[in-house]
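Enquirer: Could you have a look at this structure, given as structure tokens, before my questions?
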Amino acid sequence: MRLRDLAQARVEQQLAAFCAREAGVRMGADPEDVHQMRVASRRLRAALRMFEAVLPPAASSLQDELAWIAAALGQVRDLDVQIANLDRAASGLRAETDALRAVLDLFDARRSAARAALRLALATDRFATLVTGLRDLAEQPQPDGTDDGLDVADRLIRDTHRRLCKAGEQLHPEASQPTLHRARIRAKQFRYALECFSELYGKPARRLMRRAARLQDVLGVAQDAAVLQELLRRVSQPEHDLPPASVFPLGQLSEVDAERMRLARAEAPDAYARLTGRAWKRLKQRARTAILET
């Protein structure tokens, strides 16, 4: 199996997922459309990085443009998540709706502004050029011949796993938030690398993909809690002129988020450990077998 063929298939697959959500994102009715379009943009960027050796030079500039639209999607998605978390936490505390209404209104106003900026971005020639460039990349005929796809795949996966291990070894119950966030990014990069080559490595890759997703989820709880804590701190500042009745529930919500972060820190080392040891050895063995079979 040629690396070029894997690259083209991956770009085509994720471009389809990316474009399928565009209409829904423009309408703004379902937050899941923003989430899935953002995920597809990240997977596209990961594929362009992973397959850089066999893709045309234009792929590099497309990575930059994907980062641009992903940032616009991320502004909306992050606020969607934080508003949902705020609603859920308030419900758990049985906080009075009226007391938190002013806070929710501030969050809603920010989200409305982010949605407007995203719709403008999707209407630009810049976005149209990005989609055209990705389509050209996916449809470009591949040259005949062979390439060292299996060797490259093995090296790329080992590199992403090595970076994950470097970050994962820093996980412990007292780890700082930047440490947790860095490990989450490395877990995501490792999972996307496995996704790119899952056809080559089969079950061992799929097992590790699930475990990487689990680590992402655990660390994502900590990240969401940290972001919400910071947002609550900001909106409680005097310039926002919140009613006094809103201040006390904000403090309660901040305490809830601190507990969520504590639990996530405690779970993270075990979740990371499942990405090493026997599961990782099985993948390496599958990679060696695949190379010997070519």
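Enquirer: Are there any pairs, at least 6 apart or on different chains, whose C-beta atoms fall under 6 Å, with the first in the stretch 112-129 and touching a residue at least 60 places away in the same chain (Cβ under 8 Å) and the second outside any helix (DSSP H, G or I), and if so, which?
Expert: Short answer, once both residue conditions are applied: 115/28.
Enquirer: Take the stretch 34-78 and flag every residue that is over 24 Å from residue 8 (Cα atoms) and of a type outside the set (Val, Ile, Thr).
Expert: Once the filter is applied, which keeps residues that are over 24 Å from residue 8 (Cα atoms) and of a type outside the set (Val, Ile, Thr), the stretch 34-78 yields 71, 72, 73, 74, 75, 77, 78.
Enquirer: A further question on this structure: What tally of residues in the stretch 182-207 results from selecting those that are out of contact with any Lys or Arg (no Cβ under 8 Å at 6 or more places or on another chain), buried (at least 17 other Cβ atoms within 10 Å of the Cβ) and over 23 Å from residue 53 (Cβ atoms)?
Expert: The number of residues fulfilling the criteria is 4.
Enquirer: Restricting attention to the stretch 83-92, does a residue exist that is at pLDDT 85 or above and surrounded by 17 or more Cβ atoms within 10 Å (Cβ to Cβ)?
Expert: Yes, some residue in the stretch 83-92 is at pLDDT 85 or above and surrounded by 17 or more Cβ atoms within 10 Å (Cβ to Cβ).
Enquirer: Pick from the stretch 161-213 the residues that are aromatic (Phe, Trp, Tyr) and part of a helix (DSSP H, G or I): which of them is modelled with the lowest pLDDT?
Expert: My answer is 201.
Enquirer: While we're looking at this one, here's another question. Might you check whether a residue that is surrounded by fewer than 16 Cβ atoms within 10 Å (Cβ to Cβ) and either not in a helix (DSSP H, G or I) or not assigned by TED's automatic domain parsing to the domain that holds residue 159 (or both) occurs anywhere in the stretch 32-45?
Expert: Looking for residues that are surrounded by fewer than 16 Cβ atoms within 10 Å (Cβ to Cβ) and either not in a helix (DSSP H, G or I) or not assigned by TED's automatic domain parsing to the domain that holds residue 159 (or both), one finds at least one in the stretch 32-45, hence yes.
Enquirer: What residue, among those in the stretch 209-262 that are β-branched (Val, Ile, Thr) and in contact with a helix residue (DSSP H, G or I) (Cβ under 8 Å, 6 or more places away or on another chain), is surrounded by the most Cβ atoms within 10 Å (Cβ to Cβ)?
Expert: 218
Enquirer: If I filter the stretch 229-261 down to residues being among the polar types (S, T, N, Q) and closer than 15 Å to residue 86 by Cβ, which single residue comes out as nearest to the chain's Cα centre (by Cα)?
Expert: 229
Enquirer: Which residues, taken from the stretch 18-31, are in a helix (DSSP H, G or I) and surrounded by 16 or more Cβ atoms within 10 Å (Cβ to Cβ)?
Expert: Matches in the stretch 18-31: 18, 24, 25, 31.
Enquirer: Okay, moving on. Restricting to the stretch 163-186, count the residues that are within 12 Å of residue 271 (Cα to Cα) and under 15 Å from the mean Cα position of the chain (by Cα).
Expert: Qualifying residue count, the stretch 163-186: 2.
Enquirer: Give just the number: which of (1) modelled with pLDDT of 90 or more; (2) assigned to a loop (DSSP other than H, G, I, E, B); (3) small (Gly, Ala, Ser) does residue 145 not satisfy?
Expert: Unmet for residue 145, out of (1) modelled with pLDDT of 90 or more; (2) assigned to a loop (DSSP other than H, G, I, E, B); (3) small (Gly, Ala, Ser): (1).
The values are calculated or read from the model by the stated rules, or taken from the named source; none is laboratory data. This one's a predicted model, so the numbers in the text were calculated from it and none came from an experiment. Cβ atoms come from the backbone with ideal geometry, glycine included; neighbour counts cover every protein chain shown.
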